[in-house]
Every structure is written in structure tokens, then in C-alpha cells.
Amino acid sequence: MADTPTPNHVHFHSAGVSVVFATGEDRLPRLLYWGASLGELSDAELGAIETAQMPPFDHNPNDQVWNVSILPEFEAGWLGRPGLEGSRDGRDWSPAFRVVGTSVHRDAPTEDGRTADRLRAVARDDHAELSLELTVDLLSTGLLRARASVTNTGEAYRVDAVRIVLPVPSLADELLDFTGRHLMERVPQRCAFPVGLHAREQRGGRTGLDAAHLLIAGRGGFGFRDGEVWGAHVAFSGNQSLYAERLYNGARALGGGELLQSGEIVLARGESYTSPWFYGAYGDGLDEMAARFHAHVRSGRAYPAGPRPVVVNSWEAVYFNHDIDVLGELVDRAAEVGAERFVLDDGWFGSRRDDHSGLGDWTVSPEVWPDGLHPLIKRVKERGMDFGLWVEPEMVNLDSDLARAHPEWLFSVGGRVGYSSRYQHVLDLTHPGAYAHIRDALLALLDEYDIAYLKWDHNRTLVEAGHAPEGRPAIHGQTLAVYRLMDELRAAHAGLEIESCASGSGRVDLGILEHVQRVWGSDTNDPVERQQINRYLKLLVPPELIGAHVGPSPSHTTGRTQTLQFRAQTAVWCHLGIEIDLRTVSPEEFAQLAAWVAFYREHRHLLHGGTVVNADHPDDAIWVSGVVSPDHREAWYGVATLRRSVTWPPGPARLPGLAEEVRYVATLPDGIQPAATGMPLPEWTRAPRAMTGAVLGRAGVALPRLLPETGQVIHAREA
């Protein structure tokens, strides 16, 4: 790492992305440019960027704000949401920070083990008795990120918000973000970039089933393969705010940060508050943007070692009905189908025979398991699999030994514990005693049993998360406590993996991904719903970290009936699991499922190590996606028909991501049984011939005729 003198303009460029900052005049850094690489530029050329963009000022400069600080201030003429909101009993609410030190570090190792070009500015407002440290990284992946740390040097100061703001160009005239609900997460929604505020806020103490996920601004009509896009994400698993703002004076920006509750952060003299990282990703199309996030997650310290094992989970097979003989049969069938990990879900502990009681009592139930979990784990290990266990450490039933012994450890406001959800309340891990109790209980389990994996659930929102007895808001501290608890468990048990589950994908963000090795995609295994959920989760999360299971038919969550082929083809692109009572599967379906497991195990090095691609097919009833190997010599594509097309044939499907000059042969693979519809196949499948990546990616291939809710896998290999 080398410090370099800080000029009036700073240019970072990496992985095809450039960012240019103005840093002079003792003002906080202003982002002048963020987009495709500008190449090497001299100091004079960088200065010319600022000059070229400066509008002709009229009599009121506030009407033409143009180079905004990434932590914008009222004092500088910014009329949108300010970067810092707070006060000292109504005073010092509009600070005017002046930079007292700036440093630039090239190829610097970061605190989280990555490499970045880093700009750091230290500023203060002596009158307001506040100091600020602003850190901006352009990571080696091309991701831009920033955070701010505010320190109080006077009497108590209440922090209401700390926001990072990244300006985007005026050609970004369309917004994409996401909404959803239980069993139907990651529903995309688009709109024009309006004048005013487009804000998405989460107040439930977790990222949210209806989370914005990403807020993306782009050139109108952008798709997966083309169209410039700028995406933003708050790397925090508690309350958060993500927004797009367009002012009357033409300024457009993406902003966000932690959403603090009233009085949650009050800084005594010398205390600091540091915001979460706010990430920005530029790309020519959504696929390029997503590839930056994937590379970032794959470089993280929490990223799992080794191939992602095939999982069999007991939940939809037996629910709460734990019986050693039944589960033993399920273990045997799991091994026969090719599974590598067996997970015992809810119902193994305390009085937990249903969801009314027992949460918080993390000891094995002697009623159900008189010999403990040892017999089951022994059988799992003898069949060549590792063992996983479901837990929900942040939750508690009122009907539990823990709640009866320590009611003061439950979140409480106004002397009440509030309403229950799924018969449960939330355990306040900011209480040292509560934290120690849960940590020690989980460590005792991990010490006694050979547990490789914890499915860590979080099945309700935090509505009145007050720290007893005074009831001060505590979601900020709760979130950090969960991070710390996960890290402590993994530090004590090397190799332990944790999955973030929260009623499905209710806690998926770059914050939690620094601590877990898998996220649960959704509580629904219906492949129609999962096609959409998985596709859009992959804008942020690499596929190998997204849990996707082959569920039963009819689906337990939607009642739909689908072929095993379609269920398996939908799940196989992510971290494959099975959530069927394998004892009841017909011999024919069992053999087919085993073939899909074998396919996954053979090809997961590519499925989980390649570049995710999606075709922008004009018929929205047909989705084409795939993974291309890093050397561009091989690719696998999945075609899914979600409903009937208005016209047929729908036109050729492009196979994106291949090297244009390389010649490939595209085939329909044997063994995993393409959709058995009896429909005729296109001519190219009968006598495959070599075609260049340019032909396959631009002209495309005719699709097999597929019924609704069926699919097809296409393999492309260098000729």
C-alpha cells in the first residue's frame, strides 16, 4: 500500500470502471464521474472533466447544484436529503464540514481482506463540535463503496441519519427495484425516474421479504445484456433506507444508509457512529453489474471452501413429526439419491412439538430423542453425509423455560412485550446475559454433536424492539450482536457453515454475507415462483450461495403440480437441495432425481464458478439463463416456459456470454431427460454443427416446443 499526494482531482479505475472525484477547496469529495473506464488521464484532463461539466451559473447557484458531495450538506446548497441529520437539542443540525486531511491509497488491503483504491477525507466543524471521516473505495471488482464515521466532540449529540449519496447521470431515466412478500420475494418493479423522492425503507429489523434488494437506475429499457445501469445497495441486515432522488435543478442521485429509530444513536463526548457500507455497481446491462457483486462476495472471508454439497432437508418431508425410524429411512434414501448433507429442521428441542412453544430452550428434547441426536448423526455420518441443524437463536416463545426465567430479556416498549407473530417474540441480544446464554447453548450443541451446518432462521419482524427496562430502540445493536454471535460460533468451530433464513429470503444483503455461507431463497419450492426469485436474487448473490430445493408436487405452498424435471431444472442452478419425503417417491422419479443430483455434482464447478448470464428474450413467457465458464470454453443454459406464449414459435433464443470468435457445438444433454412432451425437436438438435459464439449469441437457436411450466437444458462446448 502506498500513499500518494492528493491532487485536486482523483481518478480510480479498475475492472472497466472509472470514478473521478473533485477533492479541492477543503470540501468533502464530490463524485464527478462514475461509469465505464476513461483510460489513463492526466491531471489536466481530470480538471477538464470538472470544467466541462460546470453549468453556466445564473443569479442563484442553488438552482444549479452540479458537483455534490457524497455526504451532501445543506450548507453547500443541497436541497435534497442531507448526508447527516441530527442535532444537539435543536442546535448544530446543519454542519459545515471542512476537510483537514485527505489521503489516497492505491491497491490498498482493506479491513475485510480485499483490495481497493481508497480515498479518505477527514473533516470537522468546530462550531458544531463534530468531526467526520469519509472513506471511499473502488474495489478491484469495479464496485464502488463508501461509508462515513461521525464523532461527537461536544455535549451529547443525537444522530438521526447518516447517508451516502452517489450522483448518476441524466441519461439514467428509469428505475428498477423489488418488492415481495412471504413465498413470493424479489418481484421486480420499474418506473420512470421521477422528479422528487423514490424511497424504499425497511423498519422490520431485517432486510425484508419486500426489500428493495437493489435500487437500479439506468438508460430506459435496459436489460440483462445491454443498457448502462447504476445499482445501489445498503450492506446492513437491520433497518435501512434506499432511495433515488431527482431535484428540480437536474441533480439525480442514489442514496441510502441505516434507518435509525428515534433516539437510537446518541453520541456522548468522544463517541462515534459509523454507517454501513453503501455499495454502487456500474454495468453495461444487469449481468455485468451482477458479475461485480458475485466477484465481491466470492472474495470475502466468509465465502465457503469446497464444493456446495447436495442438501436433503427434513422440513417438508416430516415437519414437526420427529421419529428416529422415519428419519433414519429418510437418511438412507438421501444417501441413495446422492445427497451429501442431511439437515434436521424445526422440532428437535425443548417442548417444541409445534410452533407454540419451546423457542429459546436450545437443548435436545429427551421426550423425542431419549439418546440425544447421536443415533441420527451416527447414521448420517455412516452414510457418507455431514449433518446440519435448524436453529432460531434470536426468537423466543412465551411458553418456554427461557422466557419464564428471564422476561427482561425480551424486547419491550412501555412495559409491554407487544404482539406475538407465529407465537413468538424477539430475544434482546443487546442484553449481555441473553447474548451469553444463547452463545453458550449453541456452543454446547456444537461441542457435543458433529454439526457441520446451522440453518439459522428469523421468522418474524422486529416491530417494537426496545431494550428493557427503559425501552430504548435497539435494532442497530441487535444486528451487530447477531453478526458477532455468528462469528464467535464459527471461530470456535472451524468449518462450521451458517445459512441465513428469514421466513425465506428476508435477510439477504452484503452485510449478512460477510458472516454466512448460504442464504435461503424462499420458503416456497414451487418452481414457477422460484424461477423469478432465483433470477433476481442472483443480481446480488452468486448462485452457489442461494439455497434452492426440489420440493414435492403438488407444491406445499401454492398447490401447483409440476413435473420433477421442471422442479429439478429450476433448483439445479443454485445450491441444490431436496425437500421431499424420499420414502414416497416412485422408482421412476427417484431415478430421475438421482440423475439430476449426479448432473449437479459433476458440473457444479462450472455452475458455481462461472459467469451468470440471462438472455433478453422478447417473449416474456420464456426465460433463458445460464452460466459460462471463466475460460469461455463451455456453458450451460436453462430454458423455462412459465406460461403459454401468445404466438408460436417465439423466435430463436440467444445464448449469451460466449466468446464471439470461438466455435461451439450446442446440444441437448442426455441423462437428465429433457422435457418429455413428445413434441418435435428443432433441426439443429438432430445434427449438431459448430457455430461461433457470435452466431449463438446474436442469431440464437430455435427452441424445442415446450409445454407451460416445463424446461430444457442446452449445453455449449468449444468445438
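The values are calculated or read from the model by the stated rules, or taken from the named source; none is laboratory data. Since we're looking at a predicted model, the values are computed, not measured. Every residue, glycine as well, gets a Cβ built from its backbone with ideal geometry; the counts of neighbours run over all protein chains shown. SASA here: full protein model, heavy atoms, side chains in, ligands and nucleic acids out. Shrake-Rupley method; radii C 1.70, N 1.55, O 1.52, S 1.80 Å.
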- Of the residues in the stretch 305-329, those that are under 17 Å from Met385 (Cα atoms) and outside any helix (DSSP H, G or I) come to Ala305, Gly306, Pro307, Arg308, Pro309, Val310, Val311, Val312, Asn313, Ser314
- Message: Tell me yes or no: at least one residue of the stretch 429-436 is under 27 Å from Gly372 (Cα atoms) and among the polar types (S, T, N, Q).
- Response: no
- Query: Which residue pairs have Cβ atoms closer than 7 Å, lie 6 or more positions apart in sequence or on different chains, and pair a first residue in the stretch 168-191 that is free of Cβ contacts under 8 Å to residues at least 24 places away in the same chain with a second residue that is surrounded by fewer than 19 Cβ atoms within 10 Å (Cβ to Cβ) and charged (D, E, K, R)?
  - Reply: Arg190/Glu174
- So which residues in the stretch 341-375 are over 16 Å from Leu442 (Cα atoms) and among the hydroxyl-bearing types (Ser, Thr, Tyr), if there are any at all? Ser351, Ser357
- the stretch 25-40 residues that are on the phi < 0 side of the Ramachandran plot, paired with ones that are open to solvent by 40 Å² or more (accessible area, probe 1.4 Å) and assigned to a strand (DSSP E or B) (beta carbon under 6 Å, 6 or more apart): Ser37/His13
- Message: Exactly one of these conditions fails for Arg292: (1) charged (D, E, K, R); (2) in contact with a Gly (Cβ under 7 Å, 6 or more places away or on another chain); (3) farther than 17 Å from Trp390 by Cα; (4) assigned to a loop (DSSP other than H, G, I, E, B). Give me its number.
- Response: (4)
- Residue identified as touching a residue at least 60 places away in the same chain (Cβ under 8 Å), under 27 Å from Ala491 (Cα atoms) and touching a Gly at 6+ places or on another chain (Cβ under 9 Å) among Val297, Val318, Val311: Val311
- Subset of the stretch 470-520, residues in a helix (DSSP H, G or I) and of a type in the set (Gly, Ala, Ser), comes to Gly477, Ala481, Ala491, Ala492
- Could you tell me which residue of the stretch 397-425 is surrounded by the most Cβ atoms within 10 Å (Cβ to Cβ), considering only residues that are in contact with a Lys or Arg (Cβ under 7 Å, 6 or more places away or on another chain) and on the phi < 0 side of the Ramachandran plot? Gln424
- Task: Determine the pairs where a residue that is crowded, with 21+ Cβ neighbours inside 10 Å, located within the stretch 592-618, has a partner that is hydroxyl-bearing (Ser, Thr, Tyr) with Cβ atoms under 6 Å apart, the partner being 6 or more residues away or on another chain.
- Result: Gly610/Ser629; Asn614/Ser625
- Would you kindly identify the strands (runs of 3 or more DSSP E) lying entirely within the stretch 116-213 that contain at least 1 residues that are surrounded by fewer than 19 Cβ atoms within 10 Å (Cβ to Cβ)? 130-139, 144-152, 157-162, 174-181, 184-192, 196-202
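So that you can scan it fast, the table gives a plain yes or no per residue for (1) in contact with a Phe, Trp or Tyr (Cβ under 6 Å, 6 or more places away or on another chain); (2) without any contact (Cβ under 8 Å) to a residue 12 or more places away in the chain; (3) over 27 Å from Glu155 (Cβ atoms):
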| site | (1), (2), (3) |
| --- | --- |
| Ala199 | yes, no, yes |
| Phe222 | no, no, yes |
| Trp230 | yes, no, yes |
| Ala244 | no, no, yes |
| Ser272 | no, no, no |
- Query: Is it true that some residue in the stretch 367-377 is within 23 Å of Leu489 (Cα to Cα) and surrounded by fewer than 19 Cβ atoms within 10 Å (Cβ to Cβ)?
  - Reply: yes
- Item | Some residue of the stretch 354-370 being touching a residue at least 24 places away in the same chain (Cβ under 8 Å) and farther than 26 Å from Asn459 by Cβ | no
- Query: Does Thr430 meet the test of being touching a residue at least 60 places away in the same chain (Cβ under 8 Å) and either open to solvent by 30 Å² or more (accessible area, probe 1.4 Å) or hydrophobic (A, V, I, L, M, F, W, C) (or both)?
  - Reply: no
- Note on the structure: Within the stretch 209-234, residues of a type outside the set (A, V, I, L, M) and farther than 18 Å from Trp277 by Cα come out as Asp210, Gly218, Arg219, Gly220, Gly221, Phe222, Gly223, Phe224, Arg225, Asp226, Gly227, Glu228
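Please indicate, with yes or no, whether at least one residue in the stretch 547-554 is out of contact with any helix residue (DSSP H, G or I) (no Cβ under 7 Å at 6 or more places or on another chain) and either open to solvent by less than 10 Å² (accessible area, probe 1.4 Å) or among the aromatic types (Phe, Trp, Tyr) (or both).
Yes, the stretch 547-554 has at least one match.
Within the stretch 378-396, how many residues turn out to be in contact with a Gly (Cβ under 6 Å, 6 or more places away or on another chain) and either surrounded by fewer than 21 Cβ atoms within 10 Å (Cβ to Cβ) or aromatic (Phe, Trp, Tyr) (or both)? Explain how you work it out, then say what you get.
Here is the first cut: in the stretch 378-396, the residues in contact with a Gly (Cβ under 6 Å, 6 or more places away or on another chain) are 379, 396.
Filter again for either surrounded by fewer than 21 Cβ atoms within 10 Å (Cβ to Cβ) or aromatic (Phe, Trp, Tyr) (or both), leaving 379.
Count: 1.
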- Message: For the stretch 670-689, check the following and say yes or no: at least one residue is assigned to a strand (DSSP E or B) and either of a type in the set (S, T, N, Q) or at positive phi (or both).
- Response: no
- Query: Among the residues of the stretch 66-106 satisfying the criterion of being hydrophobic (A, V, I, L, M, F, W, C), farther than 15 Å from Leu132 by Cβ and in contact with a helix residue (DSSP H, G or I) (Cβ under 8 Å, 6 or more places away or on another chain), which is modelled with the lowest pLDDT?
  - Reply: Trp66
- Within the stretch 333-340, identify whether any single residue is loosely packed, with under 15 Cβ neighbours inside 10 Å and out of contact with any strand residue (DSSP E or B) (no Cβ under 6 Å at 6 or more places or on another chain), and answer yes or no. yes
- Residue that is surrounded by the fewest Cβ atoms within 10 Å (Cβ to Cβ) [pool: residues in the stretch 634-645 that are of a type in the set (A, V, I, L, M) and within 11 Å of Ile622 (Cα to Cα)]: Leu642
- Exclusive hit being touching a Cys at 6+ places or on another chain (Cβ under 7 Å) and among the aliphatic types (A, V, I, L, M), set Leu175, Leu139: Leu175
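Output the residues belonging to the stretch 214-226 that are over 15 Å from Arg186 (Cα atoms) and not in a loop (DSSP other than H, G, I, E, B).
If the condition is that a residue be over 15 Å from Arg186 (Cα atoms) and not in a loop (DSSP other than H, G, I, E, B), then Ala217, Gly218 are the ones that fit.
This table checks each residue for (1) more than 30 Å from Leu513 (Cβ to Cβ); (2) over 23 Å from the mean Cα position of the chain (by Cα).
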site	(1), (2)
Thr558	no, yes
Thr561	yes, yes
Leu576	no, no
Thr584	yes, yes
Leu593	no, yes
- Residues (open to solvent by 30 Å² or more (accessible area, probe 1.4 Å) and either part of a strand (DSSP E or B) or among the basic types (Lys, Arg) (or both)) located in the stretch 104-115: Arg106, Asp107, Pro109, Thr115
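Here's the yes/no breakdown for (1) part of a strand (DSSP E or B); (2) under 21 Å from Ala595 (Cα atoms); (3) of a type in the set (Ser, Thr, Tyr):
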{"residue": "Tyr536", "(1), (2), (3)": "no, no, yes"}
{"residue": "Leu539", "(1), (2), (3)": "no, no, no"}
{"residue": "Glu544", "(1), (2), (3)": "no, yes, no"}
{"residue": "Ser553", "(1), (2), (3)": "no, yes, yes"}
{"residue": "Thr558", "(1), (2), (3)": "no, no, yes"}
{"residue": "Gln562", "(1), (2), (3)": "no, yes, no"}
{"residue": "Gln565", "(1), (2), (3)": "no, yes, no"}
{"residue": "Thr570", "(1), (2), (3)": "no, yes, yes"}
{"residue": "Trp573", "(1), (2), (3)": "no, yes, no"}
